[in-house]
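The values are calculated or read from the model by the stated rules, or taken from the named source; none is laboratory data. Because the structure is a prediction, the values reported are computed rather than measured. Cβ atoms come from the backbone with ideal geometry, glycine included; neighbour counts cover every protein chain shown.
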Amino acid sequence: MGNALVWFRRDLRLADNPALCAALDAGLTPVPVYIHDEPAGDWPLGAASAWWLHHSLMELDGNLRALGSRLCIARGDSEAELLRLRELFDASHVFWNRVYEPHSMQRDARIKTGLRNRGLAASSFNGQLLREPRELLKADGTPYRVFTPFWKALQKSGPVRSPLPAPRSLPAPPPAESDGPGPEQLALLPAIPWYRAFPDHWQPGETGAGDALQQFCADRLSDYPDDRDLPALPGTSRLSAHLHFGELSPQQAWHAVQQEAATRTQPGLLAASESWLRQLAWREFGHHLLYHFPDTTDQPMDARFAAFPWRTGYDADLQRWQRGQTGIPIVDAGMRELWESGWMHNRVRMITASLLTKNLLIPWQEGARWFWDTLVDADLANNTLGWQWTAGCGVDAAPYFRIFNPVRQGERFDPDGSYIRRWVPELSGLPAEWIHRPWSAPREVLDGAAVVLGDNYPEPIVDLQQSRAHALTIWDSVKNAAR
Ligand SMILES: Cc1cc2nc3c(=O)[nH]c(=O)nc-3n(C[C@H](O)[C@H](O)[C@H](O)COP(=O)(O)OP(=O)(O)OC[C@H]3O[C@@H](n4cnc5c(N)ncnc54)[C@H](O)[C@@H]3O)c2cc1C
């Protein structure tokens, strides 16, 4: 029996892992390897993601050991390390599941050619998406730019393949002088321990992913369409980081949700499952766009926005936004939720991003970078899509004139103010009527709630009406510019 390196990257799971299965199906002994390498050009691993990765690697190693194998870790240039590990383990094959970040894709293509030129068998698989981004194209052969037709094409593209079973046991890789550093020696845990509360919110790794999926299907799926926009409730799946790190495949999620709807005869469950699968398709759409338009991680998709007159000298305002000190309660609640838990509710992501880009006229790339560093689910495809969409410069963009009014959004989606009370405790004494706009509250109401604006809670960072009108004028002039 020969040996095959199975190169783990963003597929940190044993179930439904096509690369691992391919090695086993070929009758080879899989040598699971993880190489800590960041190709120049891609966005470097954010701090919150590094925290997650640390724990996910620990769990993967533990799960491999429980089945008789182990994770071999290396650091450095991926190609050089693969060649070294191939020698070390006398491997004839290298298998991996594909990733779609532009520079990683270029690197992987180079590696595949290099390995094959050296006589090694190198094969890659789709372990991350329902469909390869190149599989779904419009009738004229060009990529989709609008979500709804993309979603329809995805639905028509045939059944989603069934998840592959997890191996029950694994042959031990050959002994080696050294299996490399342990996950803890990669020094992934950020130097500033702001992430102390993360373990209260998350369980990184395949077990946590499976538990979260099961819990969502059992407890929250049926109410998803009603609850998904309410940030005070745990109404969504919170699977995004698990999906990003590949602790769960989209196929596993797809089938679990469909099965739940098929086996439980409950009114509305079918519609609820469709509503959730549609969100999962946004993830596919994000990857489709990143694959076909790789420059959009930094450049606006709509070229007219390349010359957008963003403000300069905005550092102080950017910092207030990052720290949740804008004086606009729902924005501050979201930014503090992000800092404390590494995650922010989708509706609030849109509201905070809209305030930054439209009311404050701060470039969307600044917001994208902050999210990138602080989100445990930071994902180049989804983050780029979310920011370009909110800034109105992407494909399928929210109409540019859609400037979220954070007060109205708060009143609609957090009507009793419980989301604000949780994350902005200094406002917790305010009645629901005023909690989303403390600056309009009568003096005695503020006094009664012990809120002193400009003292224990900031005055609003910007006049919402005036800044909206100003933004509309600018967006109008950019949109009307010749293409
Ligand atoms: C400005 C901005 C930045 C964002 N950055 C990221 C990011 O870095 N990483 C990330 O995974 N998502 C990002 N999103 C999308 C979305 O907010 C999160 O995927 C979602 O909040 C995750 O929570 P959940 O798993 O409970 O979602 P659920 O509502 O349970 O959705 C299920 C899954 O579908 C996918 N999904 C849902 N909504 C979207 C969406 N709008 N775009 C793409 N995929 C989606 C996610 O994988 C999610 O886990 C961003 C959105 C905005 C507006």
Problem set entry | Residue, farthest from the chain's Cα centre (by Cα), within the range 369-382, restricted to residues that are closer than 15 Å to HIS345 by Cα and more than 8 Å from the ligand (Cβ to nearest atom) | THR374
For this session: Check whether at least one residue in the range 390-405 is more than 30 Å from HIS288 (Cβ to Cβ) and at pLDDT 95 or above, and report yes or no.
Result: yes
For this session: At least 1 residues that are over 30 Å from SER104 (Cα atoms) in each: list the helices (runs of 4 or more DSSP H) lying fully within the range 353-450 that qualify.
Result: 406-413, 418-423, 432-435, 443-448
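If only one of GLY27, GLY46, GLY62, GLY76 is within 29 Å of HIS201 (Cα to Cα) and without any contact (Cβ under 8 Å) to a residue 60 or more places away in the chain, which one is it?
On the way: GLY27 fails: within 29 Å of HIS201 (Cα to Cα); GLY46 fails: without any contact (Cβ under 8 Å) to a residue 60 or more places away in the chain; GLY76 fails: within 29 Å of HIS201 (Cα to Cα).
That would be GLY62, the only listed residue that is within 29 Å of HIS201 (Cα to Cα) and without any contact (Cβ under 8 Å) to a residue 60 or more places away in the chain.
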Exercise. Under the condition of being of a type outside the set (Ser, Thr, Tyr) and free of Cβ contacts under 8 Å to residues at least 12 places away in the same chain, which residue from the range 156-184 is nearest to TRP52 (Cα to Cα)?
Worked result: PRO175
Exercise. Is there a residue in the range 451-466 that is under 22 Å from the mean Cα position of the chain (by Cα) and modelled with pLDDT of 95 or more?
Worked result: no
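Considering LEU464, LEU385, which residue is within 16 Å of the ligand (Cβ to nearest atom), in contact (Cβ under 8 Å) with a residue 40 or more places away in the chain and either in contact with a Phe, Trp or Tyr (Cβ under 7 Å, 6 or more places away or on another chain) or under 27 Å from TYR314 (Cβ atoms) (or both)?
Working: LEU464 fails: within 16 Å of the ligand (Cβ to nearest atom).
Exactly one residue qualifies, and that residue is LEU385.
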Seminar exercise, completed: Matching residues in the range 186-202 (closer than 26 Å to PRO32 by Cβ and free of Cβ contacts under 8 Å to residues at least 40 places away in the same chain) number 2
Exercise. Of everything in the range 177-194 that's surrounded by 14 or more Cβ atoms within 10 Å (Cβ to Cβ) and in contact with a Leu (Cβ under 8 Å, 6 or more places away or on another chain), which residue is nearest to ALA91 (Cα to Cα)?
Worked result: ASP179
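Being away from the ligand (no atom under 13 Å from the Cβ), modelled with pLDDT of 95 or more and either in the same structural domain as HIS55 (by TED's automatic domain parsing) or surrounded by fewer than 23 Cβ atoms within 10 Å (Cβ to Cβ) (or both): is that true of SER418 here?
On the way: away from the ligand (no atom under 13 Å from the Cβ): yes; modelled with pLDDT of 95 or more: yes; either in the same structural domain as HIS55 (by TED's automatic domain parsing) or surrounded by fewer than 23 Cβ atoms within 10 Å (Cβ to Cβ) (or both): yes.
Spelling it out, SER418 is indeed away from the ligand (no atom under 13 Å from the Cβ), modelled with pLDDT of 95 or more and either in the same structural domain as HIS55 (by TED's automatic domain parsing) or surrounded by fewer than 23 Cβ atoms within 10 Å (Cβ to Cβ) (or both).
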Exercise. Restricting attention to the range 220-227, does a residue exist that is within 14 Å of the ligand (Cβ to nearest atom), buried (at least 20 other Cβ atoms within 10 Å of the Cβ) and among the hydroxyl-bearing types (Ser, Thr, Tyr)?
Worked result: yes
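Condition check: outside the structural domain of PRO234 (by TED's automatic domain parsing) and among the hydrophobic types (A, V, I, L, M, F, W, C). Does TRP282 satisfy that? First the steps, then the outcome.
Numbers: outside the structural domain of PRO234 (by TED's automatic domain parsing): no; among the hydrophobic types (A, V, I, L, M, F, W, C): yes.
Criteria not met by TRP282.
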Exercise. Which residues, taken from the range 271-298, are surrounded by fewer than 17 Cβ atoms within 10 Å (Cβ to Cβ) and more than 20 Å from ALA153 (Cα to Cα)?
Worked result: ASP295, ASP298
Exercise. If a residue has to be closer than 18 Å to ALA48 by Cβ, within 9 Å of the ligand (Cβ to nearest atom) and surrounded by 22 or more Cβ atoms within 10 Å (Cβ to Cβ) to count, how many in the range 240-255 make the cut?
Worked result: 4
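In the range 256-274, is there at least one residue being within 28 Å of LEU129 (Cβ to Cβ), near the ligand (Cβ under 10 Å from one of its atoms) and in contact with a helix residue (DSSP H, G or I) (Cβ under 6 Å, 6 or more places away or on another chain)?
Step one: of the range 256-274, the residues within 28 Å of LEU129 (Cβ to Cβ) are 256-264, 269-274.
Among the residues that remain, those that are also near the ligand (Cβ under 10 Å from one of its atoms) are: 257.
Subsequent filtering for residues that are in contact with a helix residue (DSSP H, G or I) (Cβ under 6 Å, 6 or more places away or on another chain) retains 257.
Checked the range 256-274: at least one residue is within 28 Å of LEU129 (Cβ to Cβ), near the ligand (Cβ under 10 Å from one of its atoms) and in contact with a helix residue (DSSP H, G or I) (Cβ under 6 Å, 6 or more places away or on another chain).
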Exercise. Within the bounds of the range 185-201, is there any residue that is within 15 Å of the ligand (Cβ to nearest atom), under 20 Å from the mean Cα position of the chain (by Cα) and in a helix (DSSP H, G or I)?
Worked result: yes
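With the structure loaded, tell me whether LEU360 is without any contact (Cβ under 8 Å) to a residue 60 or more places away in the chain and in contact with a helix residue (DSSP H, G or I) (Cβ under 9 Å, 6 or more places away or on another chain) or whether it fails that test. Please lay out each step first, then the result.
Details: without any contact (Cβ under 8 Å) to a residue 60 or more places away in the chain: no; in contact with a helix residue (DSSP H, G or I) (Cβ under 9 Å, 6 or more places away or on another chain): yes.
Criteria not met by LEU360.
In the range 332-368, which residue that is more than 10 Å from the ligand (Cβ to nearest atom) and of a type in the set (A, V, I, L, M) is nearest to the chain's Cα centre (by Cα)? So that I can check it myself, show each step before the final result.
Filtering the range 332-368 down to residues more than 10 Å from the ligand (Cβ to nearest atom) leaves 332-342, 355, 358-363, 365-366.
Okay, now just the ones that are also of a type in the set (A, V, I, L, M), so 333, 335, 338, 355, 360-362.
Working: ALA333: 20, MET335: 16, LEU338: 13, LEU355: 21, LEU360: 25, LEU361: 24, ILE362: 22 Å.
The selected residue is LEU338.
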